[in-house]
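Engineer: Handing you this structure, nothing more for now.
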Amino acid sequence: MLDTLLNILIEVWRLLLIVSPWLLIGLLIAGIIHSFIGEEFIRRHLGGSGFIPVLKSTLFGIPLPVCSCSVIPIAAGLRKDGASKASTMAFLVSTPTTGIDSLFVTYAFLGGIYMIARPLAALIAGLLIGILIYSSEKETAPGVSDHGIHSHISLSERIKQSLYYGFRILPQDLGKTLIFGIILGGLLTALVPQDIASVYLSNPFIAYPLMLIISVPLYVCAVGTVPIAAALLTKGLIPGAALAFLIAGPATNTITLAFVGKKMGKKVLILYLISIVGIAIVFGILLDVITSGIEIKQMLSSGGRLPYVLQLVCSILLLIIIFLNFIKRKRKEVEMDYSFLVPNMTCKHCQMTIEQALKKVPGIKKVEVYLDEKLVKIDGEIDEEAVVKQIQDAGYTVEKKQSA
C-alpha cells in the first residue's frame, strides 16, 4: 500500500515537473494576447454573414486562452451583437479546443506532432461547423454593433494587465482542472496495469468510442486533457484515440451542449456534435496512419528534457501561483445601493469581464462582484437599465435585479 502511494506521488510530481515551465510561458503569452488584443477587438470584427466572418471567428478563437466555460458568455455576446449563428458557433468550437497555453503544454508532454494536430483540428472543426450552419440556415446577420474604441492605455498599464490576466485570472480558472489532470494522469500511470490496458486501449473499436464517451460530457480544459492523454498513451492507447480525446474533451461538455441547444436550436446542436465527433475521429485516424510504425516513446517528448533545476523552480512557482489564487479571502457582503443577480457568471474570467464592462457606466462609484453568490453590487447614482444593458452586452444574463 505504501509503495503504491509512493508510486502515485512520484508520477504526479513527474508530470508537474514537465508541465510547469511550459505552462508558465503559455500563461505569460496568453496574458499578452488578452491585454494587447482583447475580446472587444474580436467582437468588433466577427459580424456579418458569409464565409469571411466564419474564417475570422475560427482564426481568432484558436490562440485565445479561453476554456469551454468562459467561452459561453463571449459567444452569447457575439450572437447578441449581430454575429451569425455560423460565425458564433465557429468561435465556440475553435476557441476552447486549443489555446496558446495548451499548445506549450502539449509540446512538453506529447511532442510536435500533437502540437501541430490540435490547432489544425480546431481550424477544420471551426470552419466545418460554420459552413454547415451557414449552408443549412441561410441566415443574414446585420453585423456586430460598434462598442466604441478604447481610450488610450499606456504600455506599462497593458503589461500590468497582461501579468494580472496571465498569472491571476487564468490560474483561477484553469488551476482546478490542471491539478485534476495531473493527479488523474499520475493515478493512471501508477495504477493501471500495462498488460491489461494495452489489450483494450490498442483496439481502435474500443479506444475511440471509450475516449468519445468520456470526453463529450466531461468538463476539462485544453491544458488539463494533456497529462491524462499522456498517461493513457504510455499504457498503450493508440495515438489517434488520444488525439480524439484532446479534441472532443475541451470542445464539449454538458454546459456547452445545453447552451447550444437553448440559444442556437436543436438543428445546430446536432450539427455541432456531428462536427466535433467527426473531426475527432477523422483526425485520429489520420494520426494513426501517419504515426504507423513509430513507437510511442519516440513521439512523447521534449519537456522532460529541460534541466531539472529549471523544472523544480518553475514547479514551485506554479504551485505558489495556484495556491495564492485559491486562497479565499473572506469578504463580508456590504450593503450597497444596487444589487444584480447574474446567474451565468461562473468563473474569474466572467467576474473580470463584468467589472471591465461596468467601468463604462457613468455614475458608478464602486463595484463589488460576489462570484459564489452570482451577485453584482454597485454604489453610485446610476441608470439601472444602463447597467443591465452593459452586463448583457458583455454576454451575460441579468435574471433579476433589485434595489439593495
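Engineer: What spacing in nm lies between the two simple spin-label points modelled at GLN356 and LEU310, each 7 Å away from Cα in the Cβ direction?
Structural biologist: So the label points at GLN356 and LEU310 sit 3.1 nm apart.
Engineer: Please say if region 176-266 is rounded, prolate or oblate, where rounded means a/c under 1.5 for a ≥ b ≥ c the square roots of the C-alpha gyration tensor eigenvalues, and otherwise the choice is prolate for a/b larger than b/c and oblate otherwise? Could you put the intermediate results ahead of the total?
Structural biologist: Details: a/c = 2.96, a/b = 1.64, b/c = 1.81.
The shape class here is oblate.
Engineer: Could the peptides 216-229, 105-118, 249-262, 368-381 be put in order, highest first, of the mean number of other beta-carbon atoms found within 10 Å of their residues?
Structural biologist: Values: 216-229: 25.0, 105-118: 22.6, 249-262: 20.4, 368-381: 16.3.
Sorting 216-229, 105-118, 249-262, 368-381 by mean packing, highest first, produces 216-229, 105-118, 249-262, 368-381.
Engineer: Along the three principal axes, how long is region 246-362 when you take its alpha carbons, biggest first, rounded to the nearest angstrom?
Structural biologist: Principal extents (largest minus smallest coordinate, Cα): 68, 52, 24 Å.
Engineer: Angle check, please: helix 239-251 long axis (alpha carbons) against the longest principal axis of the chain (alpha carbons), in degrees 0 to 90, nearest 10.
Structural biologist: Its long axis makes an angle of about 10 degrees.
Engineer: Scan around GLY380 for amide H atoms under 5 Å from its own, H built in the peptide plane at 1.01 Å from N, and keep only partners 5 or more places away or cross-chain.
Structural biologist: Residues meeting the criterion, in which the H sits 1.01 Å from N, are ASP337, LYS365.
Engineer: Hey, quick one: spin label on VAL192, modelled 7 Å out along Cα-Cβ, who in region 8-38 has an amide N within reach, i.e. under 16 Å?
Structural biologist: The answer is 8, 11-12, 15, whose backbone nitrogens lie closer than 16 Å to the label point.
Engineer: Considering all alpha-carbon pairs of region 338-403, what whole percent are spaced by more than 16 angstrom? If you can, show how the numbers build up before the last one.
Structural biologist: Numbers: 705 of 2145 pairs.
When every Cα pair of region 338-403 is considered, 33 percent fall beyond 16 Å.
Engineer: To continue, here is another question. To check my understanding: the extent here is largest minus smallest coordinate of the Cα atoms along each principal axis. What are those three numbers for the chain, in Å, largest first?
Structural biologist: For the chain, the Cα spread along each principal axis is 68, 50, 37 Å.
Engineer: What angle do you read, to the nearest 10 degrees and between 0 and 90, between the alpha-carbon axis of helix 384-393 and the longest principal axis of the chain?
Structural biologist: Between helix and principal axis, roughly 30 degrees.
Engineer: Hey, another quick one. For MET1 and LEU324, what does the FRET efficiency come to when R0 = 41 Å and r is the distance between their Cβ atoms, rounded to the nearest 0.05? Display every interim value, and only then the final one.
Structural biologist: Working: r = 33 Å, r/R0 = 0.82.
Calculated value: 0.75.
Engineer: Let me ask something else about it. Of the listed peptides 89-101, 352-364, 17-29, 280-292, what is their order by residue-averaged count of other C-beta atoms within 10 Å, with the highest listed first?
Structural biologist: For the peptides 89-101, 352-364, 17-29, 280-292, the packing ranking is 89-101, 17-29, 280-292, 352-364.
Engineer: Let me ask something else about it. Of LYS262/LYS389; LYS235/LYS348; LYS348/LYS377; LYS176/LYS266; LYS266/LYS389; LYS262/LYS348, which sit over 26 Å apart, Cα to Cα?
Structural biologist: LYS235/LYS348; LYS176/LYS266; LYS266/LYS389
Engineer: Using only alpha carbon pairs under 8 Å that are at least six residues apart, calculate the relative contact order of the chain and give it in whole percent. Walk me through the numbers before you get to the answer.
Structural biologist: Values: 702 pairs, mean separation 84.7, N = 404.
Relative contact order for the chain comes out at 21 percent.
Engineer: So what's the back-of-envelope 222 nm ellipticity for the chain, counting only DSSP H runs of four-plus at -39500 (n - 2.57) apiece and dividing by all residues, rounded to 500? If you can, show how the numbers build up before the last one.
Structural biologist: Values: 19 runs with 268 residues, N = 404.
Computed ellipticity for the chain at 222 nm equals -21500 deg cm²/dmol.
Engineer: So how tilted is helix 100-110 from the main axis of the chain? Cα-based, degrees 0 to 90, rounded to 10.
Structural biologist: The angle comes out at about 10 degrees.
None of the figures in this text is laboratory data; all of them are computed from the coordinates on show. Just so we're clear, the structure is a prediction, and the values are computed from it rather than from any experiment. Glycine also receives a Cβ, built like all others from the backbone with ideal geometry; neighbour counts cover every protein chain displayed.
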